[in-house]
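The structure under discussion appears below in the form of structure tokens.
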Amino acid sequence: MLVLASASPRRQELLRNAGIQFTVQSAEIDETPLAGESPRDCAERLAREKAHAVFQNQPQNYVLGADTIVVIDEVILGKPSDATDAARMLRLLSGRTHAVITGVCLVGPNADTRELRTENGELRTGFERTASETTYVTMSKISDDEIRDYIATGEPMDKAGAYAIQGLASRWIPRIEGDYSNVVGLPVSLVYKILREQGAM
């Protein structure tokens, strides 16, 4: 059985639309980037920590962790802490191209016999496969009034970079380069490839 270590409704919808069966157990971890950590390393580490946090309680299952970050000028934009933070992020992105990186990690019980150490220090045999996808997103210029009205809808508040490409923010995104589903929150093609390679489906 595949367990998605995320409560994100966007990730769940993407998996369902791709015909991938799964259950959900969310993972609560500290998502603060480490000092000197590259954006890609950060996304992959957080995906790995989410997967292991759930796997230690469900070692008989395959567990998929994922983490999406927005990057501009090498600055990582996670989910906004409040409306002021959301406005700051949207002003940074306005009229520019940025990167969206999603790290994914699949852990499971039965591919090779490499030892995996869980957060509580317990050793289990199994496998870990970590990867990431990057998509480049161009955003049109957004006025301060548009930013204020957009934040008032509530849509930006639980999204990396304070916008949802599949929602109202689509009006400001004329071009992307790469995987669209990655920007929504999960690179479905990459995930499917990993699941097939590891015998998880």
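The values are calculated or read from the model by the stated rules, or taken from the named source; none is laboratory data. Values in this document were obtained by computation on a predicted structure and should not be read as measured data. All Cβ positions, glycine included, derive from the backbone under ideal geometry; neighbour counts span all protein chains shown. Side chains included, ligands, DNA and RNA excluded: accessible areas come from the protein's heavy atoms. Shrake-Rupley method; radii C 1.70, N 1.55, O 1.52, S 1.80 Å.
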What is the residue count in the range 63-102 for residues that are within 25 Å of Ile29 (Cα to Cα) and in contact with a Lys or Arg (Cβ under 7 Å, 6 or more places away or on another chain)?
-> 6
So how many residues does the range 54-85 have that are buried (at least 24 other Cβ atoms within 10 Å of the Cβ) and in contact with a Phe, Trp or Tyr (Cβ under 9 Å, 6 or more places away or on another chain)?
-> 6
Kindly indicate which of Ser6, Ser26 is in a loop (DSSP other than H, G, I, E, B), of a type outside the set (Lys, Arg), in contact with a Lys or Arg (Cβ under 9 Å, 6 or more places away or on another chain) and within 16 Å of Asn182 (Cβ to Cβ).
-> Ser6
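Is it the case that the range 185-201 has a residue that's among the acidic types (Asp, Glu), free of Cβ contacts under 8 Å to residues at least 60 places away in the same chain and surrounded by fewer than 12 Cβ atoms within 10 Å (Cβ to Cβ)?
No, the conditions are met nowhere in the range 185-201.
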Considering residues that are assigned to a helix (DSSP H, G or I) and either more than 23 Å from Gly78 (Cα to Cα) or modelled with pLDDT of 95 or more (or both), the number found within the range 160-201 is 22
So Arg11, is it surrounded by 20 or more Cβ atoms within 10 Å (Cβ to Cβ) and closer than 16 Å to Tyr192 by Cβ | yes
Output the residue which, of all residues in the range 145-184 that are among the acidic types (Asp, Glu) and closer than 28 Å to Asn61 by Cβ, is most open to solvent (accessible area, probe 1.4 Å).
-> Asp158
Cβ-Cβ below 6 Å, separation at least six or inter-chain, first residue in the range 81-103 and over 16 Å from Ile165 (Cβ atoms), second among the acidic types (Asp, Glu): which pairs?
-> Gly103/Glu44; Gly103/Asp67
